[in-house]
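Novice: There's a structure below that I have some questions on.
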Amino acid sequence: MVFSASPLCCSTFCGQKDADDASFLENKEDDEKPAVDSGEAADSFPEVNPKLIEIYVEGMDGIDGMDGTDMEKDDSQDSPPPWRSQGSAWTEGRLDVAEMVTIFQKSRSEEKRRTYHLVVQLAELIAIFGFVSLTVGLMRPPWRSVAVLVAVILGAIAILIVSSCPLDELDLDRFFETHALVTFLFCTSVAVSAVSMAVLYPPHLHWLAVIPALLAAVDGRCARCANVPWPQKTSLLSIVATFELVAWAGVYLRKARQESPEDDGQLDWDDEFWEWLALSSFGIFFLCTGVILAAAVTLYVVLARRGKMGRMLSPTVRLYIFLYTWSTSHGMVNLAIGFTGVHGVGMVLQDRLGVILYGTAQCIPVFVVLGVGRERIFGFLARRFDQDSRRAQLDGAFIAELMNFVPIEIGRPWWIYHGREEASFPTFDPRRNWDEGVVAEVLGDMFAVKLVEEAHSENHKDGSIHWLPVPSHAETAPELLQKAQYSLRCIEWSDITPELMLSSRSAPGVNPSRPVAVGEKIDFFMNHSWHDDPEAKFAALRQIAETFRRKHGRDPTFWLDKVCIDQSCISDGLKVLPVNVMACRKVLVLFGDTYAHRLWCVWELFTLFSFAREELAAERVVILPLHRGDDIFSQLANFKLDDAHCYDPNEEIRLRQVIHGVGVDRFNQGIRALAAKSALCTASA
């Protein structure tokens with residue numbers, strides 16, 4: 001029998017005081033640290049490399065978090081989240097963390113796929129208007145100049161829009177299958193424009209491109225073709241681009257033959273010769289490009305049938321290559337015509353400047369990719385998806401739900417708090433303050449924990465049984481999200497003092513934090529260990545605040561656990577910790593000696609890397625060493641999850657369960673990405 005339980009409730013039932021919840025903020029310090037006076041003492045704090053801080057603060061622009069506008073209740077929260085659509089299996093604990101993560105990732109991928117498909121659909125509609133404009137321009141000579149130029153510009157825009165989708169996450173063939181109407185119109189417009197070019201330009205080889213375009217429009221769904229293997233639309237469209245280049249090669253070579261100089265036994269280097277040479281070169285260029293693409297298609301088909309190409313080059317990537325090759329080839333030829341003054345075949349713009357504009361428009365996609373960068377172009381939509389504040393909140397809420405869900409099943413380890421601080425055990429050994437046990441029985445709304453024989457504290461006898469309550473249900477992600485939105489707070493830099501950073505214990509008096517205003521975003525989530533040097537942490541905060549002020553003209557805001565979590569109910573604040581992490585623009589890591597050994601610190605980073613793209617999550621992390629000479633790179637590169645621990649072993653089991661459910665390898669890759677980033681920034685500084 002399996003139930004869901006909250007270890008926080010169980011700890012209270014065992015007699016642990018509410019004040020002991022502060023252990024989650026790591027306030028179990030060995031010695032009370034002396035207070036640090038302001039003034040001269042503050043001026044003696046160790047300095048952090050200011051150049052390193054500037055590198056991180058430069059990246060603050062464009063990072064979205066949760067702001068005050070998100071604090072209104074979303075109607076979508078009334079419907080159950082995707083991972084709860086499995087009925088009562090989740091609430092009753094019959095689905096483990098890994099299964100729920102799989103369901104959530106599938107729903108997240110499906111939402112991302114719908115976003116990509118909307119963008120591709122927009123690109124197809126723009127391309128349809130482009131082909132219609134091209135056909136009208138070819139058939140109506142008075143409108144030809146403007147119509148063809150409009151068609152070229154719309155085609156370049158369509159290619160760029162499609163290119164904003166990541167190559168590794170977009171399946172164009174799946175899009176074509178699920179959007180049959182717009183795809184039919186697109187393929188039909190391609191076929192019609194090819195027909196118009198075949199009619200106008202001898203030797204009429206454009207008819208070759210009409211056939212695969214019509215096959216793509218038919219889609220192979222007719223009854224007669226039901227049992228016939230039908231090529232994918234990406235393959236058919238790639239063939240269209242190839243045949244179109246071959247057709248233009250024929251047009252230019254035919255024109256060159258007509259313009260060939262008379263053979264009078266002497267070589268005349270006149271304008272007629274140069275025009276013939278240019279036209280021949282254009283034709284040979286188109287022919288060679290078309291032959292190369294045809295060979296590429298043939299090679300792809302052969303290797304795909306042998307099962308050797310699927311992982312090397314997807315159909316979507318192949319079509320991208322063909323589109324860029326087709327557009328760039330036409331652009332290069334038209335730029336050559338414009339700059340050299342050679343009268344091209346069917347020149348739609350009568351002046352050289354117009355032809356240059358024509359060719360420039362066709363080369364826009366490759367110019368943008370070369371200028372902006374391949375990763376920034378093809379990863380644009382994925383980045384926008386992961387940066388969306390609503391999406392980040394949902395990710396954090398799901399992590400929070402996983403964190404607060406514990407399946408209670410017989411044989412599961414469970415620790416009972418005794419709080420004697422037994423010094424005979426190492427610092428991170430839970431037996432210093434806890435007795436080890438296992439779940440022995442589950443009856444209704446109660447479960448029994450039997451201490452193992454090794455448990456030997458004075459408070460608990462060996463083999464004793466402790467009955468603990470099982471909550472009726474765990475809070476859902478929408479409930480946790482709403483709780484986080486209404487309780488979100490921040491602290492101004494002017495309210496952070498050296499005394500505030502001494503300990504996780506909250507001093508009596510007025511809370512220096514404030515609610516987040518409408519439209520406001522918190523600048524930094526402070527990710528640190530309370531066991532590290534408080535003077536060094538305040539020094540790092542002071543320098544990053546000064547750098548931030550110089551760049552943005554204001555002081556930054558921070559999320560700090562001891563003032564932004566309600567100290568009268570710490571457990572509720574910790575439940576929504578992942579949502580708070582996602583609510584901030586950046587996570588500020590104050591990397592000290594004990595940081596890598598604190599699982600709660602690692603957990604906050606894990607929240608960022610759980611579902612977002614690795615490079616985007618790394619961009620949201622600011623890593624500052626607390627002491628000069630600290631080798632952050634080696635510590636992060638050699639990081640081991642097993643070396644990080646919690647004060648509460650039940651919390652540690654719970655967090656590790658979620659980390660393993662989402663994927664330890666994924667998290668380790670994220671940490672290595674941070675290691676590379678810290679090494680790069682340190683070298684730049």
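Novice: Cross-link list Lys450/Lys483; Lys483/Lys551; Lys106/Lys551; Lys112/Lys551; Lys112/Lys483: which exceed 31 angstrom alpha carbon to alpha carbon? Could the numbers behind the result be given before it?
Specialist: Values: Lys450/Lys483 35 Å; Lys483/Lys551 33 Å; Lys106/Lys551 40 Å; Lys112/Lys551 34 Å; Lys112/Lys483 26 Å.
In this structure, Lys450/Lys483; Lys483/Lys551; Lys106/Lys551; Lys112/Lys551 lie more than 31 Å apart at Cα.
Novice: Name the residues whose placed amide hydrogens come within less than 5 Å of the amide hydrogen of Ile408, ignoring near sequence neighbours (fewer than 5 apart) on the same chain.
Specialist: Phe3, Ser4, Ala5
Novice: How high is the FRET efficiency from Thr497 to His597, r the C-beta distance, R0 25 Å, rounded to 0.05? Walk me through the numbers before you get to the answer.
Specialist: Details: r = 27 Å, r/R0 = 1.07.
With R0 = 25 Å, the Cβ-Cβ based efficiency is 0.40.
Novice: Suppose R0 equals 41 Å; then what is the FRET efficiency for Leu181 and Glu520 from their Cβ-Cβ distance, rounded to the nearest 0.05?
Specialist: Working: r = 44 Å, r/R0 = 1.07.
It comes to 0.40.
Novice: Taking θ as phi - 60°, what are the ³J(HN,Hα) couplings along segment 508-520 by the Karplus curve (6.51, -1.76, 1.60), each to the nearest whole Hz, with x for Gly and Pro?
Specialist: Each residue's phi maps through the Karplus curve to give x, x, 6, 6, x, 7, 9, x, 6, 6, 5, x, 8 Hz.
Novice: Amide H to amide H under 5 Å from Asp435: which residues, 5+ apart in sequence or cross-chain, H placed 1.01 Å off N in plane?
Specialist: Answer set, sorted by chain and number: Ile416, Tyr417, His418.
Novice: Something else: Determine ³J(HN,Hα), in whole Hz, for all residues of segment 420-425 in sequence, where each value follows from phi through the Karplus function 6.51 cos²θ - 1.76 cosθ + 1.60 and θ = phi - 60°; x replaces Gly and Pro.
Specialist: 8, 6, 6, 6, 6, 9
Novice: Compute the length gained on full extension between Arg390 and Leu443: take 0.36 nm times their separation in residues and subtract their Cα-Cα distance, giving the result in nm to one decimal. Walk me through the numbers before you get to the answer.
Specialist: Working: separation 53, 0.36 × 53 = 19.08 nm, distance 4.00 nm.
Stretched out fully, the Arg390 to Leu443 stretch lengthens by 15.1 nm.
Novice: Return the distance in nm (one decimal) between the two label points of a simple spin-label model at Cys288 and Leu353, each offset 7 Å from Cα along Cα→Cβ.
Specialist: Each label point is offset 7 Å from its Cα along the Cβ direction, giving 3.3 nm.
Novice: Mean separation of Cα pairs under 8 Å and 6+ residues apart, divided by the residue count of segment 100-228: what relative contact order is that in percent?
Specialist: Values: 113 pairs, mean separation 31.2, N = 129.
So the answer I get is 24 percent.
Novice: Now for a separate question. Hey, can you grab everything whose amide H is under 5 Å from the amide H of Arg598? Only 5+ residues off in sequence or another chain; H modelled, so Pro and N-termini drop out.
Specialist: When sequence neighbours closer than 5 places are left aside, the close amide H contacts are His645.
Novice: Here's a follow-up. Let me check something: with ligands and nucleic acids excluded, how do Lys640, Lys112 order by accessible area (1.4 Å probe), largest to smallest?
Specialist: Details: Lys640 125, Lys112 20 Å².
Order by accessible area, largest first: Lys640, Lys112.
Novice: Let me ask something else about it. How much accessible surface area, in Å² rounded to 10, belongs to the heavy atoms of Lys255 with a 1.4 Å probe?
Specialist: About 50 Å², rounded to the nearest 10.
Novice: In what sequence, largest accessible area first, do Val152, Val199 appear using a 1.4 Å probe?
Specialist: Working: Val152 20, Val199 85 Å².
Solvent-accessible surface, decreasing: Val199, Val152.
Novice: How large is ³J(HN,Hα), in whole Hz, for each residue of segment 657-671 in order, when computed from phi with the Karplus curve 6.51 cos²θ - 1.76 cosθ + 1.60 and θ = phi - 60°, using x for Gly and Pro?
Specialist: 4, 5, 4, 5, x, 6, x, 5, 4, 4, 5, 4, 4, x, 5
Novice: If you don't mind, there's one more thing I want to ask. Given a 1.4 Å probe and every protein chain left where it sits, what share in percent of the accessible area of segment 381-425 is carbon and sulfur?
Specialist: Numbers: 700 of 1450 Å².
Carbon and sulfur atoms account for 48 percent of the accessible area of segment 381-425.
Novice: Just to make sure I understand: if all protein chains stay in place, what is the order of Trp603, Trp415, Trp276 by accessible area at 1.4 Å, largest first? Could the numbers behind the result be given before it?
Specialist: On the way: Trp603 0, Trp415 30, Trp276 75 Å².
Largest accessible area first, the list is Trp276, Trp415, Trp603.
The values are calculated or read from the model by the stated rules, or taken from the named source; none is laboratory data. Since the model is a prediction, treat every value here as computed from it, not as a measurement. With ideal geometry, Cβ positions are generated from the backbone for all residues, glycine too; neighbour counts draw on all protein chains shown. Areas reflect the complete protein model, heavy atoms only, side chains present, ligands, DNA and RNA absent. Shrake-Rupley method; radii C 1.70, N 1.55, O 1.52, S 1.80 Å.
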